[in-house]
Amino acid sequence: MEPAALAKLLQAASGDRPVMLQVGSHIMFAQSHIPGSVFAGPGSQSSGLHLVETKVASTPRSKLIVIYCGCCPWDRCPNIGPVYKRLRELGFTNVKALYLADNFGNDWVAKGYPTDKGE
Amino acid sequence: MRRGINDSPRLRSCSRTAAARLFFVIAGLFVASLICPPPLRAGAPVNSLVGKEAPRFVRTDLAGRKIDLKAYRGKVVLLNFWATWCAPCKVELPHFAGWQKQYGPQGLEIIAVSMDDDVTPVRATVRKLELNFPAVMGDEKIGSQYGGVLGLPVTYLIDRDGIIRQRLEGETDLGELESTVVKLLAGK
């Protein structure tokens, strides 16, 4: 999913927002994250995958789940792939990965899309 | 009396019309900026630190030594933000270890700031890569001090006066970075 598409979705959605999971490091999340998203990482570690499972435990299997990281360039991100795979294994049918080509700073924050910081 | 080209009534009229149009455009932009202010951005990455004094931090490194950036005045500092899960970071770090050995006697000091949440993999990586420079654990505070570290790796080059001379983000051209380090060591 392209950042512009998610930003548009968030702007339009009043009630039925997607579940958004940040699957990178908590330090990154605390500095800046998408409003409404929750920390569920890092996906490259078993503790992170366990946290993902906890966060989606009561989520309907057809619900749109958007996962994002942006710790590194897209093709070098170690977190997105394992989380996507795990969510699919858990039976979620509408999982999308936010395409942050470079990193979260350049592809989301610097473009002026909404952000929040803190826990 | 001859009238200059710019004094012709038609041109004077045109000038007045153009000035009026310009006035309305500027006024329109001003009003638009009041109605639609730019969005607030938490933790936006900035390059505005270049040319400014490097934000001071005091940390304890993994070996238990106190690392106070202020104590590094007189040295050229390569401040590298990295993480154990960041592949490009792990490509750079062994090169930095080589530079520390090669350029350390000339005044280069490298400090690695890990943006990992947990220290255990950091210790293992520092040991495995045989890093010969201090590694400290980072957090959101130091990230914000340095303009938001929202993607890795990020490297700052700080001159002998403590001024940030360059900010590099992502996979770095190591040859170019080394050239800049050499120039800074030479006081250029």
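The values are calculated or read from the model by the stated rules, or taken from the named source; none is laboratory data. Nothing here was measured: the structure is a model prediction, and the numbers come from that model. Don't worry about glycine lacking a Cβ; one is built from the backbone with ideal geometry, like all the others, and counts go over all protein chains shown. Each accessible area value is taken on the protein alone, full model and side chains, heavy atoms only, with ligands, DNA and RNA left out. Shrake-Rupley method; radii C 1.70, N 1.55, O 1.52, S 1.80 Å.
Here are the numbers for the structure shown:
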item	result
Of the criteria (1) among the hydrophobic types (A, V, I, L, M, F, W, C); (2) surrounded by 14 or more Cβ atoms within 10 Å (Cβ to Cβ); (3) out of contact with any strand residue (DSSP E or B) (no Cβ under 9 Å at 6 or more places or on another chain); (4) more than 14 Å from chain B (Cβ to nearest Cβ), which one A:Met20 fails	(3)
Among residues of the range A:89-110, those that are closer than 30 Å to B:Gly143 by Cα, away from chain B (no Cβ under 11 Å) and assigned to a loop (DSSP other than H, G, I, E, B), counted	2
Selection from the range A:55-95 of residues that are under 29 Å from B:Trp82 (Cβ atoms) and among the charged types (D, E, K, R)	A:Lys55, A:Asp75, A:Arg76, A:Lys85, A:Arg86
Test for A:Ala4: is it open to solvent by 10 Å² or more (accessible area, probe 1.4 Å), outside any loop (DSSP other than H, G, I, E, B) and farther than 30 Å from B:Met137 by Cβ	yes
Enumeration of residues in the range A:19-42 that are under 10 Å from the mean Cα position of the chain (by Cα) and part of a loop (DSSP other than H, G, I, E, B)	A:Val23, A:Gly24, A:Ile34, A:Ser37, A:Ala40, A:Gly41
Number of positions in the range B:144-161 that are among the charged types (D, E, K, R) and open to solvent by 40 Å² or more (accessible area, probe 1.4 Å)	2
Considering residues of the range A:96-111 that are open to solvent by less than 10 Å² (accessible area, probe 1.4 Å) and aliphatic (A, V, I, L, M) only, the residue nearest to the chain's Cα centre (by Cα)	A:Leu98
Test result for B:Lys141, without any contact (Cβ under 8 Å) to a residue 60 or more places away in the chain, open to solvent by 10 Å² or more (accessible area, probe 1.4 Å), of a type in the set (D, E, K, R) and within 19 Å of B:Glu53 (Cα to Cα)	yes
Some residue of the range A:30-49 being among the small types (Gly, Ala, Ser), open to solvent by less than 50 Å² (accessible area, probe 1.4 Å), out of contact with any Pro (no Cβ under 6 Å at 6 or more places or on another chain) and away from every other protein chain (no Cβ under 14 Å)	no
Sole exception among (1) surrounded by fewer than 20 Cβ atoms within 10 Å (Cβ to Cβ); (2) within 15 Å of the chain's Cα centre (by Cα) for A:Arg61, by number	(2)
Strands (runs of 3 or more DSSP E) wholly inside the range B:59-122 that include at least 2 residues being buried (at least 20 other Cβ atoms within 10 Å of the Cβ)	B:76-82, B:108-114
